[in-house]
Each structure stands twice: as structure tokens, then as C-alpha cells.
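The values are calculated or read from the model by the stated rules, or taken from the named source; none is laboratory data. Predicted model, so just to flag it, every value in this text is computed and none were measured. When we count neighbours, we look across all protein chains shown, and the Cβ atoms used for this are built from the backbone with ideal geometry, even at glycine. Quick note on the areas: whole protein, heavy atoms, side chains included, nothing else; ligands and nucleic acids left out. Shrake-Rupley method; radii C 1.70, N 1.55, O 1.52, S 1.80 Å.
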Amino acid sequence: MSGDLLFGVELAVSGLLVGVMYSLVALGFVLIFKSSGIFNFAQGAMTLFAALALVGFLPRLGMGVSILAVLAVMVALAFAVERVVLRPLVARPPLALFMATIGLGFFLEGLAQAIWGTQPKGLDIGIPDTPYVVGGLLLSRLDLAGAAAAGVLVLGLIVFFQKTTLGLGLRAVSDDHEAALSVGIPLGRAWAVTWAIAGVVAVVAGVLWGSRLGVQFSLSLVALKALPVLIIGGIESIPGAILAGLIVGAAERLAGGFIDPLVGGGVKDFSPYLLAMIFLIFRPYGLFGREIIERV
Amino acid sequence: MKGSSPTPLLKVNNIEVIYDHVILVLKGVSLEVPEGGIVALLGANGAGKSTTLKAISNLLRVERGEVTKGTIEFAGERIERKDAAAVVQRGVVQVMEGRRVFEHLTVEENLLTGAYSRRDGRSVKQDLDRVYSYFPKLAARRSIKAGYVSGGEQQMLAIGRGFMARPRLMLLDEPSMGLAPMLVREIFDIVARLNREEKVAILLAEQNAAGALRLVQYGYVMESGRVVLDGEASKLRDNEDVKEFYLGLTGVGQRKSYRDVKHYRRRKRWLS
């Protein structure tokens, strides 16, 4: 029994650590949806793009400079996207923008592979994949580092959105972008900044997932894992993305550890989606989805 | 005000606005607002009042509208091609129809967004206090989400938020909409004080012609995308057409008797 319990705790903890990384991918979606009401289909491609760019820069520039270079590339990309894709589509139906992000996704995947090649590459960020042993629990160093990086990023984002003028402006834009425009918040720049932040998130996600899975095309599919996270957490909530990521990570591992042996496997893979469906039925806005304020 | 001051603060000169490249909404609108003046833009639903204001503040672009002819000058500078944020920085703020507060931000955060384009941190704090002194109700609610305060308070918040940009000209779009008469009077009073004490010029679009004409010095009447009549507020109040169609009065100071409506229907003179 105590063996089972220890096994369960170990699964849960490792699930939580992986969950943080799901949160990270979901966060990119949340940021863009919050500020512009667009479901950014290209978030996965941005993650792949960032990871491929990093691997491409590494041999010449070294780790520190490479990361800075990739961040610069993603910020430049955000401003280009605002100029070329978003600005001409202002005041178009949301579906048009959604379609545009699908196009953008394919474009980025193609561009990244055209520049840096299609071969899967390893990404070594200098953290050995040997576990720590804490009180009988095995904890992966890579997972711990990932969780720590994600935590720092999220704290930074919360401070940015709550405490800075630019963050206040972005929250105003996410509430009512026409009214934001009427008080002099430049909409184009606000969107560009949001996409830049989503780009930075993509860099962090790309580095962490790339070091775990290798940098290859399937990295852009990690975004699919973000879907149940978004549904459970609420597509407009940063805390929701974090908590839901943890839930999805833990649920996946626990289902894999306890239910799969009984039924012959497979539950691990669909358990996040099952959970998301249950949420859609009973709490369609998710845990922290934006309350719709209605005055009567 | 035709031919009054040498250069008015705002001069809208014969503008034409087209939505979506095909729908002609304004067909040659001209109007002026003098420095520190207070001017009304009257007319029924769909007359083009909101479009005129949005043409000035350039909120048209996000609705796929465009000023295709004519000019808009603010303080001597052409602004009809400037984007909305640039117009705000020059000192023109629109308070949009329907209040449009940021519902998920607190009252105080809403006010601070109004100062977004300013870089003078210390006087922002002072202006915040000033807004609270004009609207004491807002002070009591400063940390409540704006979506939860009453309609009147939201309208005050929208005006206060506009004031936080320290504009030289405020464009108010239907501030009386959906509010109880007492609240309308309170809001109109505060608008008059902002005009008098803070020297903010006001261009007020209103369907509530009676209320607006008590407040302003000068008025323009719009219909179907045109200005059909303009004049001193006192003259407009006495104008037979305005009385008939906007004030609901026939004889001097008399309420309209609906018994007469069947037999006598006044023609709008400006249409002939």
C-alpha cells in the first residue's frame, strides 16, 4: 500500500512538473486571445520556430547570446505579424483573423524548416537528465528547471500586467479595444507587444520542450496539448492556464500509472481531453474564464 | 460658429464619410467649435452625429469607415489622416456612446487608462483627485470593477476617464442615453463645470435636444448625414422647426397637443 502511495505521489509530482510546461504553451494562447480575441493557431509553429532558431544559432553564438538572438527574432516577428497580418484585417470578423493565423502557422513552419533544415536535432541546455532523490521520490532535474523557468516567467507576466502602465493598457485593450483606442492607447502597438510576449513565451516553451523531445517538426504539435488546458482553465485567464496545466499534467500521469495497467493502456493519452469534455459540459467558461458581467 | 473667432479650435470642413467603401454616411458636414466653447450636435437616431464625432477622433478606421472628402482641423493642424492615438495626444478625446468602460478593470484603473498617453506622472495623480472631486460617487467606488457600478456611475467614469487625458476638446456622444432624468441633469451640470472651470471645449452629440440646448452656446442640427440648421442655442430654442421636431412643443412654451397632429403637420422647411 505504501509502495502504491509513493508511486502515486511520484506520478503526481512528475505530472505537476510536466503540467507546468503545458501551462507554458497554453499561456501563449491566453495572452493573444485576451488582447485581441484571436485564437492563435500559429502558437505551436512559433514554438517550433523559436526552438529551431535557437538550435540554428547555438553552434556559432553560444547559449546566452543565442537565446538573446532568438528573443530578438521573435519580437521582430511579432511586429511584422502586426503590420502584415493583423493591421489589414482590423474590424474583420474573428474567423478571418483565425484563418490568417492558420496561414501564419504553416508559413512559419515552412520558413523555419527552409532556413534551419528538417533534421531532428538535439538541444542540450546543460542540465543533466539525472534525477534528484528527495525523501524516496525521484525528481527529474530537467522537469524542475522547466517548472522553475515557467514559474519565473508567469510571475514576471503577472507583475507586468498588474503593475505597469503598458500592462494596464493591454488589459484595457483586452476588455474593449475600441474604447481603448478612444482614450489614446495605440491598438497596433498593443497587439504587437502582446504578440512579442507570446513570442517570448514560445521561446521558453521551445527551449524546454526542445530539450526534452528534441527539436523537430512534432514540436509544433505540443500546442495540441494546450487545448484541454485552455478549456479547463478558461481561455482568457493566466492563472487558469497555470492551474489547468498542473491538473492536466497530474491527471495524465496518474491515469497512465493507475488506470492504463488495468485496461491495457491508452487512457493516459485521452484523459486530458476527457477532462476537458467534462468541463465543457459543467463549466464551459473553465475554472477562471472571464465572467460575463451583466447588469440588469 | 460661423465667422465668430478668427481660428476656431476645431474646424470640420465639408467632410464626407464612407463606410466599407460603399455606404455614404456623411454628405458634407461642416461645423466649428471655438476654444473653450460648448457646442451641441443635435439630431435623431441615424442622423450621423456619432459618425461625425468618430470622424473627428478617427475611431472610424476600426469600423472600416473613412473620411473621403473635406478636412478636419484641430488647433490649425489637419487631423483627418492621423490615427486615433495621435488625435488623443493632440488633445481631442471622445467619450463614446454607451459608456464603454473597461468592465474588468477597477474604477481607478479605468481612470488611469485615460492618462495612458501622458508622461507626466505627478500631475496624473492630481488629475485623479480632481476627477474624484467632480464625481465624488466614483471616489467611493474606486476599487470596484467598473462592470459592477451603476449606469450613471459608468457614464461619470467614462467622462472622467476622458478628462484624465487632459483634452482641450471633449467629444461627448449621448451621455444622457439610458439614464434617469435626475442623473442626466447631474451629468450635464458636471459637463458644464468641466467646460467652465477646466476650460475644456465640448462638442456634445445628443438626442435630448431640450437638455442639450440649455447647456450649450451654439448648436447644429443634423439629418440624414447633413447639417440642416445651425445657430445660437437661444435662437434654436425659438426656432419653430426645432420646437416641432426636437422639443415636442408647438406654440411658445406650450406642450404639443396630439389632438391637432392629424390635421396639421408641419413640413420640415429645410427639406423643401
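In the stretch B:74-94, which residue that is closer than 14 Å to B:V12 by Cα and touching a strand residue (DSSP E or B) at 6+ places or on another chain (Cβ under 7 Å) is nearest to the other protein chains (Cβ to nearest Cβ)?
Looking at residues that are closer than 14 Å to B:V12 by Cα and touching a strand residue (DSSP E or B) at 6+ places or on another chain (Cβ under 7 Å), I get B:V92.
Filtering the stretch A:132-166 down to residues that are part of a helix (DSSP H, G or I) and over 19 Å from the mean Cα position of the chain (by Cα), which residue is farthest from the other protein chains (Cβ to nearest Cβ)?
Restricting attention to the stretch A:132-166, the residues satisfying the condition of being part of a helix (DSSP H, G or I) are A:141-163, A:165-166.
Subsequent filtering for residues that are over 19 Å from the mean Cα position of the chain (by Cα) retains A:141, A:162-163, A:165-166.
Details: A:R141: 39, A:Q162: 10, A:K163: 11, A:T165: 7, A:L166: 9 Å.
Per the criteria, the residue is A:R141.
State yes or no: is A:A96 more than 11 Å from chain B (Cβ to nearest Cβ) and either in contact with a Cys (Cβ under 6 Å, 6 or more places away or on another chain) or open to solvent by less than 30 Å² (accessible area, probe 1.4 Å) (or both)?
no
Would you mind telling me which numbered condition in (1) part of a helix (DSSP H, G or I); (2) touching a Ser or Thr at 6+ places or on another chain (Cβ under 6 Å); (3) open to solvent by 20 Å² or more (accessible area, probe 1.4 Å) A:F288 fails?
(1) is the only condition that A:F288 fails.
Answer with yes or no whether A:A190 is touching a helix residue (DSSP H, G or I) at 6+ places or on another chain (Cβ under 6 Å), within 14 Å of chain B (Cβ to nearest Cβ) and of a type outside the set (D, E, K, R).
yes
Restrict the check to the stretch B:100-117 and report whether at least one residue is more than 20 Å from B:V29 (Cα to Cα), more than 7 Å from chain A (Cβ to nearest Cβ), in contact (Cβ under 8 Å) with a residue 40 or more places away in the chain and open to solvent by 20 Å² or more (accessible area, probe 1.4 Å).
Among the residues of the stretch B:100-117, at least one is more than 20 Å from B:V29 (Cα to Cα), more than 7 Å from chain A (Cβ to nearest Cβ), in contact (Cβ under 8 Å) with a residue 40 or more places away in the chain and open to solvent by 20 Å² or more (accessible area, probe 1.4 Å), which makes the answer yes.
Just one of (1) open to solvent by 30 Å² or more (accessible area, probe 1.4 Å); (2) among the hydrophobic types (A, V, I, L, M, F, W, C); (3) within 14 Å of chain B (Cβ to nearest Cβ) trips up A:L170, so point out which.
The single condition A:L170 does not satisfy is (1).
Suppose the filter is assigned by TED's automatic domain parsing to the domain that holds A:G210, modelled with pLDDT under 90 and open to solvent by 30 Å² or more (accessible area, probe 1.4 Å); does A:R83 pass it?
Considered against the rule, which asks whether it is assigned by TED's automatic domain parsing to the domain that holds A:G210, modelled with pLDDT under 90 and open to solvent by 30 Å² or more (accessible area, probe 1.4 Å), A:R83 comes out as no.
Looking at (1) open to solvent by 20 Å² or more (accessible area, probe 1.4 Å); (2) free of Cβ contacts under 8 Å to residues at least 60 places away in the same chain, find the lone condition where A:L224 falls short.
Of (1) open to solvent by 20 Å² or more (accessible area, probe 1.4 Å); (2) free of Cβ contacts under 8 Å to residues at least 60 places away in the same chain, only one is false for A:L224: (2).
Report those helices (runs of 4 or more DSSP H) wholly inside the stretch A:173-252 carrying at least 3 residues which are out of contact with any Ser or Thr (no Cβ under 9 Å at 6 or more places or on another chain), assigned by TED's automatic domain parsing to the domain that holds A:V85 and on the phi > 0 side of the Ramachandran plot.
Output list is empty.
From the list A:V13, A:V30, A:V70, A:V9, which one is in contact (Cβ under 8 Å) with a residue 24 or more places away in the chain, crowded, with 23+ Cβ neighbours inside 10 Å and not assigned by TED's automatic domain parsing to the domain that holds A:H177? Give the derivation first.
Numbers: A:V13 fails: crowded, with 23+ Cβ neighbours inside 10 Å; A:V70 fails: not assigned by TED's automatic domain parsing to the domain that holds A:H177; A:V9 fails: crowded, with 23+ Cβ neighbours inside 10 Å.
On inspection, the qualifying residue turns out to be A:V30.
Tell me, yes or no, whether the stretch A:193-205 has at least one residue that is within 14 Å of another protein chain (Cβ to nearest Cβ) and either within 23 Å of A:G44 (Cα to Cα) or in contact with a strand residue (DSSP E or B) (Cβ under 9 Å, 6 or more places away or on another chain) (or both).
Taking every residue of the stretch A:193-205 in turn, at least one turns out to be within 14 Å of another protein chain (Cβ to nearest Cβ) and either within 23 Å of A:G44 (Cα to Cα) or in contact with a strand residue (DSSP E or B) (Cβ under 9 Å, 6 or more places away or on another chain) (or both).
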